[in-house]
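The values are calculated or read from the model by the stated rules, or taken from the named source; none is laboratory data. Computed from a predicted structure; not experimentally measured. FYI the Cβ positions are ideal-geometry reconstructions off the backbone, even for glycines, and counts take in every protein chain you see. Heads up: the accessible areas ignore ligands, DNA and RNA and are worked out on the full protein's heavy atoms, side chains in. Shrake-Rupley method; radii C 1.70, N 1.55, O 1.52, S 1.80 Å.
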Amino acid sequence: LDDELFENGLGTNGTGAMIFWMKNGSFTLGETVAISVAGGTQAPILMVGFNALRSDLGISIQGNYPVISAGANQLTLGTNWDSYNISWTGTATNVLVLGTRNKVVNNKIVNTSTSAARTALFAGANCFVANNEVISYRGRAVNITTTNCLIKNNYIHDSNEGIIALSSGNLVVIDGNIIASNVTAAITTGATAPTGLFITGNTLYGAENKLGIGVNLITATSSVTLVNNIIA
């Protein structure tokens, strides 16, 4: 089964880590996956998509990504797991959930559910999320409820909320992203906003009909740095 497959992952500092290679094609999850095994802090377990040959993985073209159709099944990465060049789609409450110290780079993550408040990418502690395309048709593209998270150079669009930061911890950095065409807000904070929220170098665009809010900070939100953004 799918979960048992990924539970075979192994990563140990000084020894190395397993790579799950995924070739261009369409694959369907048959069950919820919650990975319990962990990689090493210096040897993360990798999930890497490629087109025809493993050597072409540096050409990160979305049309060549493997597509993982999760359906109503959620996939949760374990500690020290990384995902590169993979397209994830599903309708669960969260399509892809990050564990601790995950890197998610050059992925496409879409929640196609018509139910409200569902999430495409649920961020984990000490995560690095870069160069991805993230969409949630009726909910939140990126949901941050933890601490020490860098969201950088992503294209986040056509969701109800682009990024919602609910973390009560420190150091959430939202840098260099294009966040566009989100119905309620590009970036919003919730009842427990981060105590260190850095929003820098982003383009926050609604639509020609002035769709949504650029940055929506709740009352009493503190320690917010908002620098060098374009808000239109």
Given [x] 19.4; [y] 18.6; [z] 17.7, the label whose value is Kirkwood radius over Cα pairs in Å derived from this model: [z]
Proximal charge balance of ILE164 [Cβ under 13 Å; K/R count +1, D/E count -1]: +1
Fraction of beta bridges assigned by DSSP in the chain that are antiparallel (%, nearest 5): 5 percent
Full-extension gain in nm, THR200 to ASP158, via 0.36 nm per residue minus C-alpha separation: 13.0 nm
Cβ charges +1 (Lys, Arg) and -1 (Asp, Glu), total dipole of segment 84-209, debye: 320 debye
Cα-projected label distance for LEU5 with THR225, points at 7 Å along beta-carbon direction, nm: 4.2 nm
Mean separation of Cα contacts under 8 Å (6+ apart) over length of segment 97-182, as relative contact order %: 26 percent
Mean accessible surface per residue for segment 27-122, computed with a 1.4 Å probe while every protein chain stays in place, in Å²: 38 Å²
Of all accessible heavy-atom area on the chain, the percent that carbon and sulfur account for (1.4 Å): 54 percent
Pairwise FRET efficiency - SER69 versus SER36, Cβ, R0 = 25 Å, nearest 0.05: 0.60
Number of Lys pairs (Cα under 23 Å; 8 or more positions apart or on different chains) in the chain: 4
Computed lengthening from ASN216 to THR112, 0.36 nm per intervening residue step minus Cα-Cα distance: 35.0 nm
Dimensionless Rg over Rh [segment 44-84; C-alpha; Kirkwood]: 1.01
Signed unit charges on C-beta, dipole axis of the chain, positive-most listed residue LEU150, VAL104, LEU211: LEU211
Whether segment 131-195 is rounded, prolate or oblate, judged on the alpha carbon gyration tensor where a/c under 1.5 counts as rounded: oblate
About the Cα centre, charge dipole magnitude for the chain (Lys/Arg +1, Asp/Glu -1 at Cβ), debye: 320 debye
Spin-label pair ARG138/ASP56, simplified geometry with 7 Å Cα→Cβ offset, distance in nm: 3.8 nm
Positive-end extreme of charge dipole, the chain - chosen from LEU77, TRP88, PHE198 (charges on Cβ): PHE198
Contact order relative to length of the chain, as percent, for alpha carbon pairs under 8 angstrom and 6 or more apart: 11 percent
Cβ-based net charge around THR200, under 13 Å, with every Lys or Arg adding one and every Asp or Glu removing one: 0
Of the GluC sites (Glu not before Pro) in segment 129-232, those whose Cβ has at most 13 other Cβ within 10 Å and which sit in DSSP loop: GLU208
Antiparallel DSSP beta bridges within segment 1-96, as percent of all bridges there, nearest 5: 15 percent
Helical mean residue ellipticity (222 nm; -39500 (n - 2.57) per DSSP H run of 4+; nearest 500) of the chain: -500 deg cm²/dmol
